[in-house]
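Reviewing the structure listed below.
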Amino acid sequence: MALLRGPLSRFRWQTRITLWLAALFAGLMVVAFAKLAELALALFAALSLGRAWVPFLLAPAIGMLTVWLTQRYFPGAQGSGIPQVIAATRLAAQGKAVNTLLSLRIAFGKIFLGAFALVGGFSAGREGPSVQVAASIMHAVHKWLPHSRALRVQDLILAGGAAGIAAAFNTPLAGIVFAVEELGRRLEARTSGVLVSTIILSGLVAVALLGNYNYFGHLKIVNLNRSIVLPIIVAGIVCGLLGGLFSRLMIWPQQSKESVIWLWRARHPVAFAGFCGVLVAVIGWVGGSLSYGSGYQITSQVVSGQLVLPWHAPFSRFLATLVSYYSGIPGGIFAPSLAVGAALGSNLAQLLGIPAETIPIIALCMAGFLAAVTQSPITSAIIVMEMIDGHEMVISLMAVTLIAKAVSSRLSPELYQQLALGFRPTKIISPPENSQ
């Protein structure tokens with residue numbers, strides 16, 4: 001037994017150290033992505049400041065170049081990245097290769113092209129792409145384990161995806177819930193230790209380099225009483241309807257492939273990206289430049305009470321995010337969805353005559369709209385709760401996300417699960433063998 005215990009113990013610790021190093025590297029890459037995205041947004045702001053015509057040049061040019069580079073050198077890096085991770089988890093469980101969905105090449109392409117697209121003013125986020133980046137890194141490390149059967153490939157992909165959310169939002173609890181609710185749909189005993197340790201280490205890298213911050217600052221909550229019931233119901237229904245419509249429009253290209261517009265996009269993806277860039281510039285110009293970028297800075301100002309948005313802000317962000325997704329650039333919808341929710345909350349607060357410092361309806365709408373789009377209510381509630389340090393609102397956030405999800409599910413299937421179906425491998429039917 002002693003002879004066996006030594007090698008087994010050595011393999012176990014080699015496995016742990018390999019995974020921990022990969023988790024640290026994944027966290028580092030997510031932080032690098034965050035910094036690049038900040039620089040890209042700042043560059044766009046500097047170039048377009050006082051020059052309303054600049055986005056009309058930047059958006060089409062950068063959109064076309066980004067899509068061309070994606071198609072030519074980084075296929076699989078387009079879009080959010082979460083559908084690719086879900087599809088890869090399923091394929092890995094079936095013993096199939098996932099290199100077209102997860103690889104170090106795709107991870108680096110996702111980071112640089114995702115940040116580059118923000119220089120063009122596209123309405124996209126880095127949080128969903130961070131899931132694919134971290135999952136790619138954890139998938140790549142599988143071959144370096146001392147024993148290939150120490151952990152299953154799908155377990156590493158699941159752990160990496162959860163770590164990507166945790167490091168991107170600085171919300172470790174949300175990372176765990178996201179893995180269960182959206183990516184894997186279950187959490188086995190053999191996975192839990194890997195998942196938690198990966199999330200913790202990736203999160204530690206983010207905290208060490210970015211500080212222990214709240215993603216959208218701190219929302220001051222003064223009074224939560226029975227008067228919050230009406231805002232919860234109103235926010236849940238409104239966000240559910242708009243979020244369900246948004247989700248339905250997101251899967252429109254997948255469900256209507258024979259439509260003229262999507263056939264043209266398939267034949268001319270680069271030209272189509274340029275057309276989408278023009279639309280992004282038009283929407284931004286009409287909407288007073290509120291729809292450009294990820295929406296992080298504007299949402300932070302809304303949450304802190306420094307900015308009151310006009311009535312059209314949620315609709316311009318809604319349209320700009322859809323067009324950005326249709327273009328085929330690498331970019332996510334988490335941050336833009338939260339921006340739409342914050343703008344909706346700002347509008348509803350004005351319509352209902354609710355002081356922001358009394359009932360934080362903005363936070364309710366952020367969670368509600370995200371839950372309606374993703375149909376992941378628990379993840380959405382916890383993400384918003386951790387992002388704004390709003391633990392007093394946990395019951396209210398859960399309630400609004402469940403209402404929004406119930407309404408949204410009547411309008412659209414689950415977004416990421418549906419989009420993941422588009423990454424299934426094409427089945428090749430072999431001709432029947434000649435009978436003897």
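When the chain is described by a simple charge dipole with +1 on each Lys and Arg Cβ and -1 on each Asp and Glu Cβ, the residue from Y325, I388, L279 located farthest towards its positive end is Y325.
At a threshold of 8 angstrom on Cα-Cα distance, excluding pairs fewer than six apart, so keeping six or more, what relative contact order does the chain reach in percent?
On the way: 846 pairs, mean separation 97.2, N = 436.
That works out to 22 percent.
Would you tally the net charge around W264, using a Cβ to Cβ cut-off of less than 14 Å, leaving W264 out, and scoring K and R as +1, D and E as -1? The partial results should precede the final answer.
Values: positive: K257, R265, R267; negative: E258.
Summing Lys/Arg as +1 and Asp/Glu as -1 gives +2.
Give me the percent of accessible area attributable to carbon and sulfur for the stretch 327-403, probe 1.4 angstrom.
Looking at the stretch 327-403 in its full context, I get 69 percent from C and S.
Within the accessible surface of the stretch 39-136, defined with a 1.4 Å probe on protein heavy atoms only, the carbon and sulfur portion equals 71 percent.
Applying 1/(1 + (r/R0)^6) with r as the Cβ-Cβ distance of E258 and W68 and R0 = 22 angstrom yields a FRET efficiency of 0.30.
For the chain, the solvent-accessible area of protein heavy atoms averages 44 Å² per residue (probe radius 1.4 Å; ligands and nucleic acids excluded). Less than 5 angstrom separates the built amide H of G79 from those of I329, G331, all sequence-distant by 5 or more or on a different chain.
Under the definition of Cα pairs under 8 Å and six or more residues apart, what whole-number percent is the relative contact order of the stretch 281-393? Show your work: numbers first, answer last.
On the way: 130 pairs, mean separation 24.7, N = 113.
Over the stretch 281-393, the number comes to 22 percent.
Computed from the C-beta positions of A266 and I395, the FRET efficiency with R₀ = 41 Å rounds to 0.30. Pairwise Cα separations in the chain fall into 20 Å bins from 0 onward with the following percentages, short to long: 27, 57, 15, 2, 0. Working note: Debye formula, equal point scatterers on the alpha-carbon atoms of the stretch 295-427, no solvent; log10 I(q)/I(0) at q = 0.10, 0.11 Å⁻¹ is -0.33, -0.39. Each semi-axis of the equivalent ellipsoid for the stretch 25-69 is √(5λ) with λ an eigenvalue of the Cα gyration tensor; in descending order they amount to 25, 16, 4 Å. Students often get this wrong: which residues of the stretch 55-82 have the backbone nitrogen under 14 Å from the point 7 angstrom along Cα-to-C-beta of Q297? Answer for this model: none.
For the chain, lysine pairs with C-alpha atoms less than 21 angstrom apart, excluding pairs fewer than eight positions apart on the same chain, total 4.
The values are calculated or read from the model by the stated rules, or taken from the named source; none is laboratory data. The structure displayed is predicted, hence computed values, not measured ones. Every residue, glycine as well, gets a Cβ built from its backbone with ideal geometry; the counts of neighbours run over all protein chains shown. The protein model used for the area step is the full one, side chains on, heavy atoms only, and it has no ligands, DNA or RNA in it. Shrake-Rupley method; radii C 1.70, N 1.55, O 1.52, S 1.80 Å.
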